[in-house]
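K.L.:
Quick one: the structure is below, and I'll ask about it shortly.
The values are calculated or read from the model by the stated rules, or taken from the named source; none is laboratory data. A quick note: this is a predicted structure, and the numbers were derived from the prediction, not measured. Backbone-built Cβ (ideal geometry, glycine too); neighbour counts: all protein chains shown.
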């Protein structure tokens, strides 16, 4: 049986690739990476928010191709239920799907104003009001989950789909020096300290390709 393949774009800039990669890692899937060039139309459409739907990340497994991060998550949950990508409790599982879906379809102002860039750090970054509204909503979601399920992850003691979906937000908060309360700051530190996150971040910082549009002076 051939090894699974996860097709991704930039590790420095691609929040969706990070989500798909984390989900595969959480599921315990043995896979190899296929990295698209930054000149590839699919990669640029994703990174520059030029399309409402993206072809990366894309998972190829047992002859099946699945793209879109939530579709990848559901596929992995079906095939690796023991990994715990979704909580066992029905109420928590529904809650997890709901906040993952909100991340998937929302927060456009945050995405455009604070693009993921793991190599950068903008101290004292000025956040405009619409992006701040997205940040405020995310922190409400985080606080509720951490209070309801006890942390240190959004749904308890182990990472789930929700943590994979919000992991790029933790990197954005670090890159753009977003002010947080202690509870949310601790959650971000927990996510960024995951071994898989450290592995991804280290690879991102050695990535040579740059996207000029994402390196503008802020």
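K.L.:
All but one of (1) more than 27 Å from residue 88 (Cβ to Cβ); (2) buried (at least 20 other Cβ atoms within 10 Å of the Cβ) hold for residue 205; state the number of the condition that does not hold.
P.N.:
(2)
Per-residue answers, yes or no, for (1) under 23 Å from residue 33 (Cβ atoms); (2) not in a loop (DSSP other than H, G, I, E, B):
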| site | (1), (2) |
| --- | --- |
| 88 | no, no |
| 95 | no, yes |
| 101 | no, yes |
| 104 | yes, yes |
| 115 | yes, no |
| 123 | no, no |
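K.L.:
Just one of 149, 166, 153 is surrounded by 17 or more Cβ atoms within 10 Å (Cβ to Cβ), in contact with a strand residue (DSSP E or B) (Cβ under 6 Å, 6 or more places away or on another chain) and over 15 Å from residue 127 (Cβ atoms); which is it? Explain how you work it out, then say what you get.
P.N.:
Values: 166 fails: in contact with a strand residue (DSSP E or B) (Cβ under 6 Å, 6 or more places away or on another chain); 153 fails: in contact with a strand residue (DSSP E or B) (Cβ under 6 Å, 6 or more places away or on another chain).
On inspection, the qualifying residue turns out to be 149.
For (1) more than 28 Å from residue 176 (Cβ to Cβ); (2) surrounded by 17 or more Cβ atoms within 10 Å (Cβ to Cβ); (3) at pLDDT 90 or above, each residue gets a yes or a no:
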site: 8; (1), (2), (3): no, yes, yes
site: 11; (1), (2), (3): no, yes, yes
site: 14; (1), (2), (3): no, yes, yes
site: 40; (1), (2), (3): no, no, no
site: 67; (1), (2), (3): yes, yes, yes
site: 76; (1), (2), (3): yes, yes, yes
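K.L.:
Turning to a different aspect of this structure: Filter segment 153-169 down to residues that are in contact (Cβ under 8 Å) with a residue 24 or more places away in the chain and either in a helix (DSSP H, G or I) or over 17 Å from residue 98 (Cβ atoms) (or both), then give me how many there are.
P.N.:
11
K.L.:
Among the residues of segment 125-134, which ones are under 30 Å from residue 208 (Cα atoms) and assigned to a helix (DSSP H, G or I)?
P.N.:
Selection gives 131 alone.
K.L.:
Of 97, 111, 88, which residue is more than 22 Å from residue 193 (Cβ to Cβ) and at pLDDT below 95? Show your work before the answer.
P.N.:
Details: 97 fails: at pLDDT below 95; 88 fails: at pLDDT below 95.
Criteria check complete, one pass: 111.
K.L.:
Also: What are the pairs, 6+ residues apart or on separate chains, where a residue within segment 117-143 that is assigned by TED's automatic domain parsing to the domain that holds residue 99 and closer than 28 Å to residue 9 by Cβ has its Cβ under 6 Å from a residue that is surrounded by fewer than 14 Cβ atoms within 10 Å (Cβ to Cβ) and modelled with pLDDT under 95?
P.N.:
These pairs meet every condition: 119/205; 122/218.
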